[in-house]
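All remarks here apply to the structure that follows.
The values are calculated or read from the model by the stated rules, or taken from the named source; none is laboratory data. Just so we're clear, the structure is a prediction, and the values are computed from it rather than from any experiment. With ideal geometry, Cβ positions are generated from the backbone for all residues, glycine too; neighbour counts draw on all protein chains shown.
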Amino acid sequence: MTTTRENSAPAFRPLSMMLTGFALSWTFIVATPALFAQEAASTAEATAATATATTAPAEKPKIHEVIAASDPSVQAFNEHLTILASPWMEGRLPGTKGMERAMDYMEDEFRKAGLLPAFQPSDGGPKNYRQPFSLGSQRDVTDEQVRILCGGTEVALEKEKDFRFTSLGTGGSAEGVLAFVGYGIEDGPDGYSSFAEGHSLEGKIALVLRFEPMDDKGNSLWSGGEGWSGRAGFQGKIAAIAKRNPAAIVVVNTPSANDPRITSLGTGGGGRAMADVPIFMVSTDAGERLVAACDGEKRSLMDLRKLADAKDAAGARSFDLAGSKVAVSATVSEKPVRAENVVGVLPGRGDLAKEIIVIGGHLDHLGQGDFGSREGPGKLHPGADDNASGSAGIILLGDMLKKLYDAEPAETPLRTIVFIGFSAEESGLNGSRFYVDNPIYPIKDTVLMMNFDMIGRILNNRLAVTAAGGKDIKEWAQPFYAKSGLTVVERGAGGGGSDHASFLAVGVPILFAIIADFHDDYHTSRDVTGLIDRESSVMAVNLWRELAWDMAKRTQRFEAETTGGPMRPQPMRVRVGLRTRASDDGSGLEVIDVTKEGSAANAGIEKGDKIVKWNKKEMKDREAFVAELRLHEPEETVQCVVVRNGEEKTVYVKLEPARSGQ
Ligand SMILES: [Zn+2]
C-alpha cells in the first residue's frame, strides 16, 4: 500500500478523535498507514490546500505513538495482554516454565496494585499469592529402544521414524521371542479368536496388528462397510493380550489397511495406560523389517496379515516367530504436575468486610496444543483472546478497584474483593473447582463471582453477559449494561463452560462475560495479540469495574434463586443429535446412536465414542448431561471430550436449535 496524501483519511480529525473513533487494534493500524498523516490537524488543512505536487511521503504510523496517545487503561491493558500472550509464556500450560512466568507476572502486578497475598504457608513462611493444587502427573520418557537381535546383526529401530513408545502402557524393558497374536481379538464373530489355545505369551513380546481382519482393499470384514467395528479399538485388544502376561506389546501399523492413521505412530495424546507392560507402536516398514529378520519361515508382514485375515478362524491363531529375538525398553518417570491459582485480596471495611466478591478469569491456556486444540499439537497456542485478554482485565481491575477503595472515606462499609487468576481451566475448570472446595473465605459469604473469559475480540461492541444464580441479579446489572457503551447480549446460564460454572454449582451468584460473536481462531495457534481490540476490551473492564464497585457498597446481597422444589424442566432449546447411555464402569457416556448431519455428527462424534467431558465438566450420568443441555442456547459451540479407541479427542459441537412443535 502506498502512503500518499491522496489516499489518506478523507476527513481531518484530531488525533484524539481518531483514537477514540477507531478500535486500537494493530491490524487496523497497520492496514491504515495514513492514520497519522493528519497529526497537526489544524495546520494540515492549510498545508494540504497549498501543497502542490509535494513529494514528502506521509509519515508511517508508529505503534508506540498510538499507544502513547491512547487512554492509560488501554495502555496498561495492552502491556499485560502482550506480555501474557508472548511466546515467552509458552502458551501458559500448567506445569511449564511459561505458566510459571505468567503466574509470576500476575502475582507481581497484584502486589504492585496493593492487593494482599492470600495464603499463609504451613511452614510459617511469608504470606504468598499462590494456591497450589495437584493436577495429576506428567510422564517423562527416556531411553526408548526397540532392537532386533535376530538375523545375525543387531539392528536398532529409529525412534519417531520407526517406532514410538506409547502412553497405552507403562515403562519397563524386555527381551525375548516375538509372539504373533494377529489382531489381538479374542471374541470375533463366528468363533474368531486371535489366540491359540495353549499358546503362552508369558515373558514374550507380543506382536499385534492394528485394527481388525480386512479384505484385499484393506477394509474391515466386520463393520459392514463403514470404518471399523468396535473390536478394532486399542482398549479391547490390549486387555486381551495383557491378561496373557506378555513382557511387552508391539503394535504394528497393518500393511495396506485403508485408514489414514496407518502412516502415523500416534495413539493420540492423553491416552491412559491400559496395561502394566511397555507398549510400542511400530511403522509398517519397520514391522516388515522386524518380521523379515526374525521369522524362521521367511514370511513377510503381509503374509502374517493374510493369516490373521483368514475366514477360517483356526488359521488366524497366535504362534511364536521361531528363532526371533527382540529387545525393547523405555524408562518412564512420573512427575506430579502442580498447578496454582494466583490470588490477591482487597480487604473490605466495616460490616460488609466479611462478605466476598470474587473477580476471576483463567490464566492458563493450551501450551503447544497437546490437548483441546482444534488444529492439533506442535504449534504455540498463545491464547491472546483465550484468556490473556481476561487475565489482563483482572489485573487492571485489581488496580482500579484498589484506587477506588483508597479514595473512599474510611468509614464506608465495603465488601472484600478476592482477585483470582485460575489455573487449569482448559483441562476442566480444575482451578476454580479447587477454589470452591478450598475457599479462603467461606463460600456462603461469597456474594458474587465475576468471570472474564475472552474479552479480546469484541466485534461491533457486542459483549455477551450471563447473570445468574441470584434473584434480581439481572435487574441490578442491566442499568450498567446500558451505560457501558457496549451492546450487551444477555445469555442464559449455560453459556460457555468456564470458571463461573464452578461457583454457580455451589450456589454463588455469577456474572460472566465473553465475546458475543465466536471466532474461528479459538483454540488454535492463530489466537494472537495482533487481532485483539484493546479499546473494547477495556470497555468490558470498565463495565466490570462499575458493577464490582456498586456490589462492593450495596447493602443487600442477592437472595438465592428459589427453585421451589422439583423444578419444572426447562424446554430444551437445542438438539445434539445423539443418544447415550452411561458406561458400565462409570467413566463416561457411551454414544449409542448419532443422527446423520446433526450437531454431534458434524462435530465428528461417532457411534461407539465415549463422552467423558461436556462443556469442560466431567460427564458420568445421563441426567447430568440432559440438565446441562437444557442450559444451552442454539448456535452455541461447546467443547466436548470423547474417548475413541482408547484415545482422548476434543471436538467442538455447534448446537442446532431444537425442532419446535415436537
Ligand atoms: Zn477460555
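Return the residues of the stretch 598-623 that are assigned to a loop (DSSP other than H, G, I, E, B), closer than 26 Å to His365 by Cβ and in contact with a helix residue (DSSP H, G or I) (Cβ under 8 Å, 6 or more places away or on another chain); say none if nothing qualifies.
Hits for the stretch 598-623 are Asn615, Lys616, Met619.
Can you say whether Asp520 is over 30 Å from Ile473 (Cβ atoms) and over 26 Å from the mean Cα position of the chain (by Cα), as far as the supplied structure shows?
Judged against the criteria, Asp520 is not a match.
If you check every pair at least six apart or on different chains, which have Cβ atoms under 8 Å apart with a residue in the stretch 362-385 that is assigned by TED's automatic domain parsing to the domain that holds Glu90 and at pLDDT below 95 first and a residue that is within 14 Å of the ligand (Cβ to nearest atom) and not in a loop (DSSP other than H, G, I, E, B) second?
Close Cβ pairs (under 8 Å, with a partner that is within 14 Å of the ligand (Cβ to nearest atom) and not in a loop (DSSP other than H, G, I, E, B)) amount to Phe371/Thr650; Gly372/Gln639; Gly372/Thr650; Ser373/Thr650; Arg374/Thr650; Arg374/Tyr652.
Under the condition of being more than 16 Å from the ligand (Cβ to nearest atom) and in contact with a Ser or Thr (Cβ under 9 Å, 6 or more places away or on another chain), which residue from the stretch 379-398 is farthest from Glu535 (Cα to Cα)?
Lys379
Restricting to the stretch 331-357, name every residue that is at pLDDT below 95 and surrounded by 13 or more Cβ atoms within 10 Å (Cβ to Cβ).
Thr331, Val332, Val337, Arg338
Do we have Val436 as assigned to a strand (DSSP E or B) and in the same structural domain as Trp88 (by TED's automatic domain parsing) here?
Working: assigned to a strand (DSSP E or B): no; in the same structural domain as Trp88 (by TED's automatic domain parsing): yes.
No: the conditions fail for Val436.
Has the stretch 359-369 got any residue that is small (Gly, Ala, Ser), within 16 Å of the ligand (Cβ to nearest atom) and assigned to a loop (DSSP other than H, G, I, E, B)?
Within the stretch 359-369, one or more residues are small (Gly, Ala, Ser), within 16 Å of the ligand (Cβ to nearest atom) and assigned to a loop (DSSP other than H, G, I, E, B).
Got at least one residue in the stretch 420-428 being away from the ligand (no atom under 16 Å from the Cβ), within 30 Å of Thr529 (Cβ to Cβ) and either in contact with an Asp or Glu (Cβ under 9 Å, 6 or more places away or on another chain) or among the β-branched types (Val, Ile, Thr) (or both)?
Checking the stretch 420-428: not a single residue is away from the ligand (no atom under 16 Å from the Cβ), within 30 Å of Thr529 (Cβ to Cβ) and either in contact with an Asp or Glu (Cβ under 9 Å, 6 or more places away or on another chain) or among the β-branched types (Val, Ile, Thr) (or both).
Among the residues of the stretch 472-530, which ones are within 16 Å of Gln639 (Cβ to Cβ) and part of a helix (DSSP H, G or I)?
Once the filter is applied, which keeps residues that are within 16 Å of Gln639 (Cβ to Cβ) and part of a helix (DSSP H, G or I), the stretch 472-530 yields His500, Ala501, Ser502.
How about the stretch 453-466: which of its residues are more than 21 Å from the chain's Cα centre (by Cα) and not in a strand (DSSP E or B)? Outline the logic, then answer.
At the first step, the residues of the stretch 453-466 found to be more than 21 Å from the chain's Cα centre (by Cα) are 459-463, 465-466.
Within the stretch 453-466, Asn460, Asn461 meet the criteria.
For Met450, state whether it is within 16 Å of the ligand (Cβ to nearest atom), touching a Phe, Trp or Tyr at 6+ places or on another chain (Cβ under 7 Å) and outside any helix (DSSP H, G or I).
Here the answer is yes, as Met450 does meet what is asked.
Each row is one residue, and each column tells you yes or no for (1) within 15 Å of Asp276 (Cβ to Cβ); (2) among the aliphatic types (A, V, I, L, M); (3) at pLDDT 90 or above; (4) under 31 Å from the mean Cα position of the chain (by Cα).
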residue	(1), (2), (3), (4)
Ser167	yes, no, no, yes
Ile185	no, yes, yes, no
Lys237	no, no, yes, yes
Ala257	no, yes, yes, no
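Of the residues Arg130, Arg231, which is under 30 Å from Phe434 (Cα atoms), in contact (Cβ under 8 Å) with a residue 12 or more places away in the chain and among the basic types (Lys, Arg)? I'd like the intermediate steps shown before the answer.
On the way: Arg231 fails: under 30 Å from Phe434 (Cα atoms).
The conditions single out Arg130.
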